[in-house]
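Notes to accompany the following structure.
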Amino acid sequence: MKNLIYLLLAVCMLFSLAACGGSKAVIETAPADSGAESTIGNVVSSEPDAAAVGIDYLALVNKLHPLPDGWEDALQTVTVTNSVGDEVEVEKKAYDAYLLLKADLEEQDGIYLELDSARRSVAAQQDIMDRFIEKYGADYAAKTVATPGYSEHHMGLALDLYFRLKGEDGAFTDVYYNEDMVQYPEIWEKIHARLADYGFILRYPEGKEHITGYGYEPWHLRYIDDADIAKEITSKGLTFEEYLGAVRTTDVNIDYGAFELYSREELEDIPIINGGWPERKTAD
Ligand SMILES: [Zn+2]
């Protein structure tokens with residue numbers, strides 16, 4: 001959600017579009033109530049009471065796999081404020097891992113990460129869908145708004161990054177919009193090189209659009225809570241779908257094995273551009 005046009009619309013609506021989804025996760029426990037909130041600095045923590053919970057950090061959510069039942073009840077999150085003043089809600093362990101990644105990049109590479117967005121609830125996505133249907137009709141809404149329940153962002157484990165550059169005078173400049181961020185491939189390379197150490201993977205890599213269903217998004221990370229698996233996925237150049245063996249045949253491309261999630265024809269229909277929408281607006 002970092003395109004300028006998209007952002008403006010999102011601001012107007014006080015909501016944002018989300019995207020893909022798919023999962024085969026198992027929720028071990030799903031406590032009914034979520035309890036106390038505590039605030040530490042600008043971090044607000046909400047935790048289910050007692051008997052917490054498990055979420056499956058290797059669950060798959062994409063356009064074919066919805067958020068697992070009970071996920072939102074089991075989810076434990078923190079809410080933080082980013083450098084542009086937006087509140088971002090993130091799953092707790094993913095946030096802890098993000099802080100380590102951020103510190104490492106600052107120390108080693110002088111790159112200052114920020115969180116653009118992370119969790120978006122199914123309800124918020126449904127609200128967006130309803131508004132779009134009302135305003136633009138069902139067809140347009142279906143093409144421009146991610147189906148509620150099928151966005152990885154529902155999990156709290158998907159993080160959209162942006163970064164800040166530090167000038168010689170010590171002042172920071174936000175590199176926030178998609179069209180600006182893609183101007184710094186060398187910075188993304190350094191960021192991506194450190195992800196696996198902290199249990200993150202680049203979720204929508206270049207050249208795998210027909211498998212993930214999304215165009216290349218250098219900023220979209222997925223936390224999987226396992227550095228070894230993250231390293232395996234990264235070193236083998238796999239998508240998460242490929243690693244999980246969750247790719248469906250739609251057209252045969254030997255380079256990607258026997259199974260593909262989307263045909264190229266279907267893919268071309270995914271980022272539907274109507275009314276001047278920039279391509280990235282539906283991104284994830
Ligand atoms: Zn994203």
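Here, each number is a calculation from the coordinates, and none is a lab measurement. Quick caveat: nothing in here was measured; it's all calculated off a predicted structure. Backbone-built Cβ (ideal geometry, glycine too); neighbour counts: all protein chains shown.
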>> Under the rule of at least 5 residues apart or a separate chain, name every residue whose amide H is placed under 5 Å from the amide H of V175.
In response: F163, R164, L165
> Among the GluC sites (Glu not before Pro) within the range 112-185, which fall in a DSSP loop and have no more than 14 other Cβ atoms within 10 Å of their own Cβ?
Replying inline: E168
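For the cross-link pairs K93/K190; K63/K231; K63/K236; K63/K166; K93/K135, which exceed 28 Å when the distance is taken from alpha carbon to alpha carbon? Intermediate values should be presented prior to the final figure.
Details: K93/K190 22 Å; K63/K231 25 Å; K63/K236 23 Å; K63/K166 38 Å; K93/K135 38 Å.
Too far apart for the 28 Å limit: K63/K166; K93/K135.
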> Whose amide H sits under 5 Å from the amide H of V247, counting only residues 5 or more places off or on another chain, with H placed in the peptide plane?
Replying inline: none
>> Per q in 0.11 Å⁻¹, report the Debye log10 I(q)/I(0) for the range 87-237, using one uniform scatterer on each alpha carbon and no solvent.
In response: -0.47
> For D197, D56, what's the fewest-to-most ordering of other Cβ within 10 Å of each Cβ?
Replying inline: D197, D56
> What is the range 69-120 by shape, rounded, prolate or oblate, if you read a ≥ b ≥ c off the alpha carbon gyration tensor as root eigenvalues and call it rounded for a/c under 1.5, prolate for a/b larger than b/c, and oblate otherwise?
Replying inline: oblate
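Per residue, how much space in cubic angstrom lies within the convex hull of the C-alpha atoms of the range 122-186?
143 Å³
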>> Could you give each residue of the range 54-64 its phi-based ³J(HN,Hα) in whole Hz, using Karplus coefficients 6.51, -1.76, 1.60 with θ = phi - 60°, and x for Gly or Pro?
In response: x, 10, 8, 6, 9, 5, 9, 10, 8, 5, 10
